[in-house]
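The values are calculated or read from the model by the stated rules, or taken from the named source; none is laboratory data. All of these numbers come straight from a predicted model, not from anything done at the bench. Cβ placement follows ideal geometry from the backbone for every residue including glycine, while neighbour counts extend to all protein chains displayed. For accessibility, only protein heavy atoms count, side chains too; no ligands or nucleic acids. Shrake-Rupley method; radii C 1.70, N 1.55, O 1.52, S 1.80 Å.
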Amino acid sequence: MAATDQIRRFADIAAAMRLARELIGHDRWSVERLEALQRRRLQELVRHATASSPFYRERYAGLDPGDPVELSRLPAVDKATVMARFDDLVCDRRLTLAAVEAHLDGLTRDELLLGQYRAMATGGSTGRKGVFLADRAEWRQYLAGFFRWNHYVGLTPRLPRLRVASIAAARPLHMTYRMAASIDVGLHRVLRLEATTPLPAMVESLNRYRPQFLYAYGSVLGLLAAEQLDGRLRIAPTAIASSGETHTDELRDAIRAAWGTSSFEMYAMTEAGILGSHCDRHSGIHLFEDQAIVEVVDERGRPVPAGQVGHKLLVTNLITRVQPLIRYEVSDMVAMAAERCPCGRPFRLLAAVAGRNDDILYLPAAAGGTVAVHPLALRTALAGIPGLAQYKVVHDADGLHLRAALRPGAAAEETVRQVTDRLAEKLAAQGVARPAVQVELRDHLQDERDTAGKFKLVESRLRRPTTTPVP
Ligand SMILES: [Zn+2]
């Protein structure tokens with residue numbers, strides 16, 4: 001059984017590597033050729049969904065299957081609907097949410113459901129958990145996307161094998177874990193650490209291992225950069241990559257100061273695999289538009305021009321057939337770059353991920369009513385405070401809290417005064433009434449990570465206002 005499993009794993013990897021070479025070839029395509037591929041795959045996806053998913057058949061009832069698909073005219077779908085209508089939406093009638101959840105509960109490593117499906121769940125510190133599926137062929141395409149990303153960051157198999165350190169999710173529910181498990185056949189030497197590992201232990205392991213390639217969530221890199229700059233961490237990775245969280249300019253500066261290089265920022269989600277990555281110009285995140293279509297839209301779902309931060313994204317996954325996701329709403333607030341990357345690749349660039357719209361804080365306004373405070377406003381206010389090692393702003397039923405860990409040797413009183421003043425000033429400027437913040441000092445904030453090991457700088461734990469219906 002184990003041997004068969006290993007053979008299957010090798011076969012999947014070999015196929016994914018061949019697919020990856022095709023994907024890498026798209027780097028030299030023209031925009032027109034790429035758009036033609038997108039149109040063709042979209043057409044196939046919509047035809048398949050209409051034929052095999054009762055949910056989409058109902059939604060697209062007015063659509064003539066012979067007509068070319070106009071993406072902008074298709075209704076968007078959100079996570080709550082994808083989960084509520086799970087059994088109707090999937091295209092294999094044997095799959096039910098109950099069966100998939102039971103499978104997820106018993107997952108210990110990389111087992112397949114019904115011998116062919118990988119099931120994964122999204123974190124979900126806010127809102128409902130999402131459950132997503134890929135069959136073996138779809139998984140090979142996700143892996144191909146992963147190998148393409150490896151190529152972008154210079155992580156190609158070689159001898160002697162590279163020493164890779166990966167600091168990410170520790171549970172098989174998450175896609176990063178499953179990808180790592182799928183390719184764990186010895187292409188690289190890999191040190192795996194959990195994102196929630198206490199910092200001193202992480203530093204010690206890394207010092208001993210001396211990774212040549214370091215992958216971590218942005219917040220973990222921030223902690224490690226400070227350790228490196230203070231002299232406790234002494235590693236010299238030639239390449240660094242990160243994902244999963246907002247990258248502030250401050251974080252980018254710290255990474256460059258610590259290791260003399262920029263991180264390859266990657267943008268990925270369990271719902272759609274690796275959506276994009278920096279190239280070696282680090283001018284933004286190239287969207288892998290041969291595997292997904294990304295639309296930046298405002299609150300009402302209208303397209304937002306390049307250069308402007310939207311309210312959410314609509315992602316159309318061009319890979320999955322078993323669980324079609326067409327114009328799937330994602331709460332990330334991002335801006336598309338107005339210019340193309342000088343590297344000449346046809347893929348558009350995401351300028352930045354500014355945060356998630358579910359972390360907009362709705363606070364009482366001085367003028368009455370509520371005021372929406374963007375997470376970016378609070379991050380800007382707290383940037384550059386020397387004694388602050390890590391912080392998290394949490395809004396819950398008792399009000400606003402700032403949980404903070406200080407740098408070793410920092411003057412506690414002075415730092416607390418700085419953060420309190422800066423936040424109060426920023427909130428007042430935004431029109432917030434009585435902008436009081438309770439500061440709580442902690443040794444570290446590692447236990448503030450979500451189930452996937454990710455960390456939010458600003459988090460709303462209140463239910464979102466239900467009073468924002470839009471005509
Ligand atoms: Zn580029």
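For region 276-311, the set of residues classified as open to solvent by 50 Å² or more (accessible area, probe 1.4 Å), under 18 Å from the mean Cα position of the chain (by Cα) and more than 11 Å from the ligand (Cβ to nearest atom) consists of 309 only. Inspect all residues belonging to region 355-364 and state whether any of them is away from the ligand (no atom under 16 Å from the Cβ), open to solvent by less than 10 Å² (accessible area, probe 1.4 Å) and on the phi > 0 side of the Ramachandran plot. Scanning region 355-364 turns up at least one residue that is away from the ligand (no atom under 16 Å from the Cβ), open to solvent by less than 10 Å² (accessible area, probe 1.4 Å) and on the phi > 0 side of the Ramachandran plot.
Can you confirm whether region 166-177 contains a residue that is assigned to a helix (DSSP H, G or I), free of Cβ contacts under 8 Å to residues at least 24 places away in the same chain and under 16 Å from the mean Cα position of the chain (by Cα)? The answer is yes; a qualifying residue exists.
Looking only at residues of region 221-256 that are touching a residue at least 60 places away in the same chain (Cβ under 8 Å) and assigned to a helix (DSSP H, G or I), we find that the one that is nearest to residue 408 (Cα to Cα) is 226. The residues on offer are 340, 379, 348, and the sole one that is surrounded by fewer than 19 Cβ atoms within 10 Å (Cβ to Cβ), within 25 Å of the chain's Cα centre (by Cα) and not hydroxyl-bearing (Ser, Thr, Tyr) is 340. So for region 237-248 (the condition being more than 16 Å from the ligand (Cβ to nearest atom), at pLDDT below 95 and open to solvent by 60 Å² or more (accessible area, probe 1.4 Å)), does at least one residue qualify? Yes, some residue in region 237-248 is more than 16 Å from the ligand (Cβ to nearest atom), at pLDDT below 95 and open to solvent by 60 Å² or more (accessible area, probe 1.4 Å). Within region 397-422, residues that are of a type in the set (Asp, Glu) and modelled with pLDDT of 90 or more sit with their Cβ atoms under 8 Å from residues that are open to solvent by less than 30 Å² (accessible area, probe 1.4 Å) and outside any helix (DSSP H, G or I), at 6+ positions apart or across chains, in these pairs: 414/387.
All conditions but one from (1) of a type outside the set (S, T, N, Q); (2) in a strand (DSSP E or B); (3) away from the ligand (no atom under 16 Å from the Cβ); (4) open to solvent by less than 30 Å² (accessible area, probe 1.4 Å) apply to residue 268; the one that does not is (4). Residue 368 meets the conditions (1) modelled with pLDDT under 85; (2) open to solvent by 10 Å² or more (accessible area, probe 1.4 Å); (3) away from the ligand (no atom under 16 Å from the Cβ); (4) not aromatic (Phe, Trp, Tyr) in every case but one. The failed one is (1).
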